[in-house]
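Undergrad: Encoded as structure tokens, here's the structure I'll be asking about.
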Amino acid sequence: MPPKVRELIANLERAGFVDRGGKGSHRNFVHAKVTKPVVLSGNLGDDAKQYQVRAVQLAGSPECLIRCPAERMLATRAEVAAAG
């Protein structure tokens, strides 16, 4: 069962990301140490798409691990890239 959008948002906020807003159901999360914003769409109770889960995982740096409850794993950018 995929995680909910609200769980991904909670993970990003725990990692220090800030919601800078967006249009409609889109939310842009920015962090001072990450160059590109993480964009999440959908209502809070919607199931997250796989590409959204991957975007949240890739946003984490080695010193800032983001835990994905659905995957039950810790992933750094290098580990996700190596897995394909």
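Undergrad: If you take the residues of region 1-11 that are touching a Leu at 6+ places or on another chain (Cβ under 8 Å) and closer than 18 Å to G60 by Cα, which of them is surrounded by the fewest Cβ atoms within 10 Å (Cβ to Cβ)?
TA: R6
Undergrad: Hey, another quick one. Could you grab the pairs with beta carbons closer than 8 Å, sequence gap of 6+ or different chains, first residue in region 30-45 and free of Cβ contacts under 8 Å to residues at least 24 places away in the same chain and surrounded by fewer than 13 Cβ atoms within 10 Å (Cβ to Cβ), second one of a type outside the set (A, V, I, L, M) and assigned to a strand (DSSP E or B)?
TA: V39/R27; V39/N28; V39/F29
Values in this text are rule-based calculations from the coordinates and carry no lab data. What you are looking at is a predicted structure, and each value in this text was computed from that prediction instead of being measured. Because the Cβ atoms are built from the backbone with ideal geometry, glycine has one as well, and the counts that use them run over all protein chains shown.
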